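Note sheet for the following structure.
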Amino acid sequence: MFSIRYFITVILFIAIAGAEITRDVSGSANLYYISKLSDGSIINLPFRMVTLDYSQSSESVPYIEFRSSLALEYHMRSDTDFLIDSSTQDFIPDIRELYITYFSKLAEISIGKRIHAWGNVDENSPVDNVSSFDYFYLFNGGAERKLGTYGIAYDRFTSFGGYGLVFSPMHNTN
């Protein structure tokens, strides 16, 4: 009987058996704040101070790619009195993406938490309801303003184009 455990074991075996493995680590640190122009007071919005992106993939086709994107967000509490603000943390870690993708010559399958970007129309497409927007980050560009979605994605490529399917049992809404 076919099971998910068997499928993941086969994929990991193919990834380990690959000839070469490529690793990529990148990130950024942002130390800024936002204030009102009228009186200079600080606006109480969370922001990502540190982001760290990691990817690992094999070189041969079919190949496996593992990606993760981690962030450290700073949330300003409204008051230091714990009777008013129940949060005891100022710095909150966030797993933005954590998924594994299997690539073949004609298709790719990814499993995990992923931010789905669908090209140039991703910013204002009415049919893009897979990755919801995080309204705290509306002034950021691209995928920085989106939330990751848990699920399975399947993309198929043909000679005349391609199509994609996404199944998300735990979907975030805007």
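Can you spot a residue in segment 116-124 that is more than 17 Å from residue 55 (Cβ to Cβ), at pLDDT below 85 and open to solvent by less than 30 Å² (accessible area, probe 1.4 Å)?
Yes - at least one qualifying residue is present in segment 116-124.
Going through segment 135-160 one residue at a time, which ones are surrounded by 16 or more Cβ atoms within 10 Å (Cβ to Cβ), at pLDDT 75 or above and over 20 Å from residue 110 (Cα atoms)?
145 - this is the single residue of segment 135-160 that is surrounded by 16 or more Cβ atoms within 10 Å (Cβ to Cβ), at pLDDT 75 or above and over 20 Å from residue 110 (Cα atoms).
The values are calculated or read from the model by the stated rules, or taken from the named source; none is laboratory data. Since the structure is predicted, the reported quantities are computational estimates derived from the model, not experimental observations. Reconstructed Cβ throughout: ideal geometry from the backbone, glycine too, with neighbour counts over all protein chains shown. Accessible surface is based on the protein model in full, side chains and every heavy atom, while ligands, DNA and RNA are left aside. Shrake-Rupley method; radii C 1.70, N 1.55, O 1.52, S 1.80 Å.
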